[in-house]
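Note sheet for the following structure.
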Amino acid sequence: MVKVITYGTYDLLHYGHIRLLERAKALGDYLIVGITSDDYDKTRGKINNQQSLMERIAAVKETGIADEILVEEYEGQKIDDIRRLSIDIFTVGSDWEGCFDYLNEYCKVIYLPRTEGVSSSEIRTEKRKLAIGTVGENSLCQKFIREMQYVNGVEHKECNQDFLGVDAVYIATHPDKHYEDVGRALRAGKHVICESPIARSEADCQELLTLARDNRLILIDAIKTAYSTAYSRLLVLAKSGKIGEIVSVDSVCTSLEDKAGEMGVELSSKQNSICAWGPTALLPIFQLLGSNYKSKSVISKIIDESLNFDGFTKIDFLYEKSVASLKVGKAAKAEGELIITGTKGYIYVPAPWWKTDYFEVRFEDQTKNKRYFYQLDGEGIRYEIVAFAKSIESQKKNLYISDETSLSICKVIEDYYKGEYSRI
């Protein structure tokens, strides 16, 4: 029996895929089809699949062409599969010609002509593109615009204050203006992705979330960390009991671009520490421990009393069976790490943890320690754009950041502006 194997993503399965599979099957007696996992696709720069892994597997299975289906999850797996399954022929489309010649050492390699004029990328691109406008701080907007070019089906368009000519808006204005700007965009019928916090009070955030829901619009926080693969995986590991019961979460986010006395611009135009870093630092605390804390204490170093501008803030949370702390600062510097403490071990994410592509799970017995590495492109911004676009297409809000988390972040910000903090 001649065994043939081929690999692909098979997103939005089309006639070209089917013809390639048919020709691959004709090369032998038994066809094995490897379908790339979402994580492995990310390492290859393919971040905008329209279908989940299970949907893509089901689509290939329904063709009835494959005798066996497996999932490709890591670089080098092709060699492992060929050896393990005693493969006679490896085949792939001619657009990869020469790339897999190294496999000739293990089996015969055949490049098949692809069906011209048909590809998943073209199908995704043929759909009406989602036009996204940007409003706010130039450096943030430029980053967002730059990352859009890596996402199929979205494009940047200039928009005015009435948001004409766009389907959605990225808002990166000063937090004091978020409530007004987000509300105006939603009332104009536009989907919104807004730098967190969405508003400076819990009630205002709830009003905006309700307005979006009632008008069948998507409103999400633009906390890029939430959309990265590494962060998603560490949440799963922490919640799975891998490190036992979680007893503490310690989160630190600082930067020194706004050192006291060296601001260079009016403080009124800048974000203070609690708004600039607070949402990111709060994210793992609320996503792991929830928002039903028993108490919190806040200590801030204030640079300007009239503006409530904190150069540094420390917050401690007390829960029923756990504690949490965060440090944020724009006029102070600390190691920007994340540590999740459990009864069996702990998860350590090195600085800057909010951009991590790597973390460790550590135990008393160091031989059980494990390191996890994941692809991170564009600081995670392109991943949040993908999630935003998919939410709009499906008309279903993604679950990366829940409404409860958004509201809890705004509540902490609101309490700060009420003066509920001690000064140092």
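The values are calculated or read from the model by the stated rules, or taken from the named source; none is laboratory data. No experiment lies behind these values; they were computed from the predicted model shown. Every residue, glycine as well, gets a Cβ built from its backbone with ideal geometry; the counts of neighbours run over all protein chains shown.
Considering only the range 278-309, how many residues are touching a residue at least 40 places away in the same chain (Cβ under 8 Å) and closer than 14 Å to residue 424 by Cβ? Qualifying residue count for the region: 7.
Being farther than 30 Å from residue 423 by Cα, in a helix (DSSP H, G or I) and modelled with pLDDT of 95 or more is true of residue 209.
For the range 339-357, the count of residues that are more than 25 Å from the chain's Cα centre (by Cα) and crowded, with 20+ Cβ neighbours inside 10 Å is at least one. Checking every residue in the range 348-371 against the condition of being under 26 Å from residue 414 (Cα atoms), among the acidic types (Asp, Glu) and at pLDDT 95 or above gives zero matches. In the condition set (1) at pLDDT below 95; (2) surrounded by 20 or more Cβ atoms within 10 Å (Cβ to Cβ); (3) part of a loop (DSSP other than H, G, I, E, B), residue 375 is compliant with all but (2). Scanning the range 290-317 for residues that are of a type in the set (Ser, Thr, Tyr) and surrounded by fewer than 17 Cβ atoms within 10 Å (Cβ to Cβ), we see that the one that is modelled with the lowest pLDDT is 306. Determine whether residue 265 is surrounded by fewer than 22 Cβ atoms within 10 Å (Cβ to Cβ), of a type outside the set (S, T, N, Q) and modelled with pLDDT under 95. Yes: the conditions hold for residue 265.
With respect to residue 198, is the statement that it is β-branched (Val, Ile, Thr), at pLDDT 95 or above and not assigned by TED's automatic domain parsing to the domain that holds residue 87 true? Taking the combined requirement at face value, the residue satisfies it. Among residues belonging to the range 337-372 that are touching a Ser or Thr at 6+ places or on another chain (Cβ under 8 Å) and in a strand (DSSP E or B), point out the one that is nearest to residue 75 (Cα to Cα). This residue is 349.
For every residue, the table says whether it meets (1) charged (D, E, K, R); (2) out of contact with any strand residue (DSSP E or B) (no Cβ under 7 Å at 6 or more places or on another chain); (3) at pLDDT below 90.
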position: 16; (1), (2), (3): no, yes, yes
position: 22; (1), (2), (3): yes, yes, no
position: 26; (1), (2), (3): no, yes, no
position: 31; (1), (2), (3): no, no, no
position: 45; (1), (2), (3): no, yes, yes
position: 55; (1), (2), (3): yes, yes, yes
position: 67; (1), (2), (3): yes, no, no
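Candidates in the range 222-247 are the residues that are part of a loop (DSSP other than H, G, I, E, B) and charged (D, E, K, R); of these, the one that is nearest to the chain's Cα centre (by Cα) is 242.
When residues in the range 378-401 are screened for being under 16 Å from the mean Cα position of the chain (by Cα), surrounded by fewer than 16 Cβ atoms within 10 Å (Cβ to Cβ) and polar (S, T, N, Q), 0 of them pass. Only strands (runs of 3 or more DSSP E) whose full extent lies in the range 1-102 are considered here, and the ones with at least 3 residues that are surrounded by fewer than 18 Cβ atoms within 10 Å (Cβ to Cβ) are 68-72. Please tell me if residue 409 is of a type outside the set (Ser, Thr, Tyr), part of a strand (DSSP E or B), touching a strand residue (DSSP E or B) at 6+ places or on another chain (Cβ under 9 Å) and buried (at least 20 other Cβ atoms within 10 Å of the Cβ). For residue 409, the condition - of a type outside the set (Ser, Thr, Tyr), part of a strand (DSSP E or B), touching a strand residue (DSSP E or B) at 6+ places or on another chain (Cβ under 9 Å) and buried (at least 20 other Cβ atoms within 10 Å of the Cβ) - is not met.
For (1) of a type in the set (S, T, N, Q); (2) exposed (fewer than 15 other Cβ atoms within 10 Å of the Cβ); (3) in contact (Cβ under 8 Å) with a residue 40 or more places away in the chain, each residue gets a yes or a no:
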position: 130; (1), (2), (3): no, no, yes
position: 152; (1), (2), (3): yes, no, yes
position: 162; (1), (2), (3): no, yes, no
position: 175; (1), (2), (3): no, no, yes
position: 180; (1), (2), (3): no, yes, no
position: 186; (1), (2), (3): no, no, no
